[in-house]
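Here's the structure, in structure tokens; my notes come after.
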Amino acid sequence: MAPLPCRPTDIPALNLIPQILADADRCVLCGMCLPHCPTYGLTRNEAESPRGRISLMLAVARGQLEPTPGLHGHLDRCLGCRACEAMCPSKVAYGRLLRNAREYLYRQQHSPIADTLATPARRTLLRGALRLFQASGLQRATQKLHLFGRGAAGRLVQGLPEVGAAPALPALTPAQGPERGQVALFVGCTGDLLQRALLHDARRLLSALGYRVHIPPTQDCCGALHVQQGDGDSARRLARQNLAAFPLEAEAIISVASGCGALLHEYDQLLEDEAAAGFARRVIDINAFLAAAEWPDTLELRPLAQKVAVHESCTLRNVLHAQKALYTLLRRIPQLEVVELPHNERCCGAAGSYLIEQPEDADALRADKIAAVAELQPQLLASANIGCAMHLAAGLREAGLAVDVVHPVTLLARQVTSDK
Ligand code: SF4
Ligand code: SF4
């Protein structure tokens, strides 16, 4: 994100200061989070560490520090990976603190990317344009020749997955065999745009496990990119729309992208009411749901004599705490060798729109992941988050490594033999 001017004074402040003070005051400055912070690891600069950022947020909230562009820069360079939160003995709610501080400082900032993705009509247009771009072979040519350069557009093109010709998603998929329950699938803006085939895989798999699957057509973007930009009003508007869209009879609201799932899981913090708390309690990552579900004997998986390295996204590890499900699930595939990507505790640098806005840091963090893949030599790299998958796929392509980056559900669906 480019350095911003201070928060405009004509925009009324939300009542964010008490929450910022309460969260920041919990920090006892012990520094135990520092070795776990990727940006501190890159810079060795206290202001790029969790403790330094908390001190800055606290000073602004107390009125002791002006929110200068320099201060904005320190918050912009935070990945929001929450590795610090996971290690903090004082249980500082760093994610909430960062979200509130960004909203306080950047209030009403709009991101063209987030706004485009959160508008269904624009997504449809973009999907059509992307299909043409890919079907004509232009994407391959631009990737090879770096025709879009190495800026934001170039980076997006390098990591774009095949949009494909998957049809629109049905509002209801009946259960195969005796019905075990009802669930609802969260699509999200990037899911609708880039991952329809995965969503079809997910609904078929859930149906084969005996679940009736709702895909509410009035659901929208989760709002995560808006939160990252401090645009709390838009994020809350989207959250309200999603709350209204999902049927109460669905016992679980299942997300296929951990970045979306993490925010859905914290809608109670965003909206602070009972309806949001009830919604948040029902949210679960697809890997966690499938790993815990009972699989019918009729659902068989073909063997796959390959090696898959598992990338754990920060949202899956540090917010949803569901990373173990990836291994449980993938080990269902006979003969598949499932290995952990080393240093999964460190962010890959994708972090929502971070890969576009902080390209140098994003690439520096990704370099270790690419080196680890080169060392392990898997045929497949599994990731449960679209942003990470795109960022890693672009890095692998640049490194000349022919590794297929897949969602675990895609891999399972490829191996199902009895799925109809
Ligand atoms: S570990 Fe927690 S309490 Fe210690 S410096 Fe980091 S955020 Fe503060
Ligand atoms: S969220 Fe990640 S990048 Fe930001 S301060 Fe915490 S550990 Fe560092």
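The values are calculated or read from the model by the stated rules, or taken from the named source; none is laboratory data. In this text the structure is predicted, and so the values were computed from the model without any measurement. Neighbour counts are summed over all protein chains in view; Cβ atoms, including those assigned to glycine, are modelled from backbone coordinates with ideal geometry.
Matching residues to (1) more than 11 Å from ligand 1 (Cβ to nearest atom); (2) surrounded by fewer than 22 Cβ atoms within 10 Å (Cβ to Cβ); (3) more than 17 Å from Leu105 (Cα to Cα):
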residue	(1), (2), (3)
Gly31	no, yes, yes
Leu34	no, yes, yes
Gly41	yes, yes, yes
Pro50	no, no, yes
Leu58	no, yes, no
Ala61	yes, no, no
Leu65	yes, yes, no
Glu85	no, yes, yes
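For the range 41-67, how many residues meet the condition of being over 12 Å from Leu29 (Cα atoms) and outside any helix (DSSP H, G or I)? Residues that pass the stated criteria total 8. When the test is whether a residue is among the small types (Gly, Ala, Ser), within 15 Å of ligand 1 (Cβ to nearest atom), in contact (Cβ under 8 Å) with a residue 12 or more places away in the chain and surrounded by 20 or more Cβ atoms within 10 Å (Cβ to Cβ), Gly80 passes it.
Exactly one residue among Leu172, Leu156 is modelled with pLDDT of 95 or more, farther than 17 Å from Ile286 by Cα and of a type outside the set (D, E, K, R), and that residue is Leu172. Is it the case that some residue within the range 166-173 is surrounded by 18 or more Cβ atoms within 10 Å (Cβ to Cβ) and without any contact (Cβ under 8 Å) to a residue 40 or more places away in the chain? Scanning the range 166-173 turns up no residue that is surrounded by 18 or more Cβ atoms within 10 Å (Cβ to Cβ) and without any contact (Cβ under 8 Å) to a residue 40 or more places away in the chain. So the check is Cβ under 9 Å with 6+ separation or different chains; which pairs have a first residue in the range 33-47 that's free of Cβ contacts under 8 Å to residues at least 24 places away in the same chain and a second one that's away from ligand 1 (no atom under 13 Å from the Cβ) and among the polar types (S, T, N, Q)? Between residues of the range 33-47 that are free of Cβ contacts under 8 Å to residues at least 24 places away in the same chain and residues that are away from ligand 1 (no atom under 13 Å from the Cβ) and among the polar types (S, T, N, Q), the close pairs are Asn45/Thr39.
Restricting the first member to the range 110-132 and to residues that are more than 19 Å from Gly164 (Cα to Cα), and the second to residues that are modelled with pLDDT of 80 or more and in a helix (DSSP H, G or I), the beta-carbon pairs closer than 6 Å and six or more apart or on different chains are Ala114/Leu225; Ala114/His226; Ala118/Cys189. Within the range 338-385, being surrounded by 24 or more Cβ atoms within 10 Å (Cβ to Cβ), touching an Asp or Glu at 6+ places or on another chain (Cβ under 8 Å) and either part of a loop (DSSP other than H, G, I, E, B) or without any contact (Cβ under 8 Å) to a residue 40 or more places away in the chain (or both) holds for Gly349, Ala384.
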